[in-house]
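Colleague: After the structure tokens below, expect a handful of questions from me.
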Amino acid sequence: MSLKKNQHELFRQFFEKPTRAFLSQVLKENIGETDYLDFKAEWPRLEHVAKHMLAMGNSGGGAIVFGVTEEQSGEFDSKGLEKLQDRADLNKKFRKFVPEQLNYELFNFSYDKTEPSLEGKNFQVIMIEYSEKILPLLALKEGPGIQSNVAYVRSGTESIPANREQLEQLINARIDTEYSSTPTLELTHHLEQLKTLCEHVDKLEYEELLDSGSFMREILEFAGDDDYRDFLNEIISSKKQVIRKIIH
């Protein structure tokens, strides 16, 4: 697996060789959360995890460690998980939200008396690889805390939707690998059109929209407001399908 950005040396070693010994050192060193390292006390909703995976995949790669609690002091307590989640089941659920192209691995770590400070504790870690060839990674499905067809990026310790500039950077990173095709070069154009259509519907009252676009209704021979609204929704749906085909 590969990372792009500079990381703490200990984390880099753990990422390259994910062993119990290296994880133990990472936990003892108390590196703290960064844009490439996230800690979770327990497993949250999988939609939230999928969003972090996508963001790290778009932002240089990284890892999510489950079983580590952040205290009010800012220190991290390696309490471990009460129960390890089934990896096959997790992978099946993640693939509803993340593209097949995103390469990640899920590891289980259980400690015995050879590590006294962690004896009897269990942790799970997701390692997310970075590759310019598959950028930008978009969420496949909508759910609590995640929107479909949105590219997420890391901003400090948060995972947020990419803005226009960040999205262009992702697309250019892929183009620079010479892995892109002509449809990929058109992605920015299609996304900009989709954004305009959605903003047109979301931010304006339909009455204002129809008043300002009466000439368009006459040209297209719309029977009324419902026809025009249905027409806009149909275009938005079609545009999303075009974008999906380009990405996948």
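The values are calculated or read from the model by the stated rules, or taken from the named source; none is laboratory data. Owing to the predicted nature of the structure, the values given are computational and were not obtained by experimental measurement. Counting neighbours? That spans all protein chains shown, and the Cβs are built from the backbone with ideal geometry, glycine included. Heavy atoms of the whole protein, side chains included, go into the accessibility calculation; ligands, DNA and RNA do not. Shrake-Rupley method; radii C 1.70, N 1.55, O 1.52, S 1.80 Å.
Colleague: At 7 Å along the Cα-to-beta-carbon direction for both Glu82 and Gln25, put a label point, then send me their distance in nm to one decimal.
Modeller: Here the answer is 3.4 nm between the modelled labels.
Colleague: Take the Cβ-Cβ distance between Asn103 and Gln72 as r, set R0 to 25 Å, and report the resulting FRET efficiency rounded to the nearest 0.05. List each step's numbers first, then the result.
Modeller: Details: r = 36 Å, r/R0 = 1.44.
Once the sixth-power term is evaluated, E becomes 0.10.
Colleague: What FRET efficiency comes out for the pair Thr196/Lys245, r = Cβ-Cβ distance, R0 = 22 Å, nearest 0.05?
Modeller: 0.65
Colleague: Sticking with this structure for a sec: Check the straight Cα-Cα distances from Lys113 and name the lysines below 20 Å, setting aside those fewer than 8 residues away within the same chain.
Modeller: Within the straight-line cut-off, Lys113 pairs with Lys28, Lys79, Lys83, Lys121.
Colleague: If you roll a 1.4 Å probe over the heavy atoms of the protein chains, what accessible area per residue do you get for the stretch 1-104, in Å²?
Modeller: Per-residue value: 49 Å².
Colleague: Once the other residues with Cβ under 9 Å from the Cβ of Tyr111 are scored (Lys, Arg +1; Asp, Glu -1), what is the net sum?
Modeller: So the surrounding residues net to 0.
Colleague: How much net charge surrounds Lys240 when only other residues with a Cβ under 13 Å from its Cβ are counted (Lys, Arg +1; Asp, Glu -1)?
Modeller: Net of charged neighbours comes to +3.
Colleague: Report, ordered by chain and residue number, the lysines lying within cross-link reach of Lys133, taken as a straight Cα distance under 25 Å and ignoring same-chain residues fewer than 8 apart.
Modeller: Leaving aside lysines fewer than 8 places away in the same chain, those within reach of Lys133 are Lys4, Lys5, Lys17, Lys51, Lys92, Lys93, Lys96, Lys141, Lys195, Lys239, Lys240, Lys245.
Colleague: Follow-up question, since we're still on this one. Under the definition of Cα pairs under 8 Å and six or more residues apart, what whole-number percent is the relative contact order of the stretch 1-135?
Modeller: Relative contact order, the stretch 1-135: 29 percent.
Colleague: Normalise the Cα radius of gyration of the stretch 10-119 by 2.2 N^0.38 Å (N = residues in it) and let me know the number.
Modeller: 1.07
Colleague: Could you estimate the translational diffusion coefficient of the stretch 74-116 from the Stokes-Einstein equation, with Rh from the Kirkwood formula over C-alpha pairs, at 20 °C and 1.002 mPa s, in whole µm²/s?
Modeller: D = 161 µm²/s.
Colleague: Let's test the formula: R0 of 35 Å, r as the Cβ-Cβ distance of Arg95 and Glu33. What FRET efficiency results, to the nearest 0.05?
Modeller: E between Arg95 and Glu33, to the nearest 0.05, is 0.85.
Colleague: Just to be sure I understand the model, the point goes 7 Å from the Cα along the line to the Cβ. What's the resulting Ser238 to Ser110 distance in nm?
Modeller: Simple spin-label model gives 5.6 nm for this pair.
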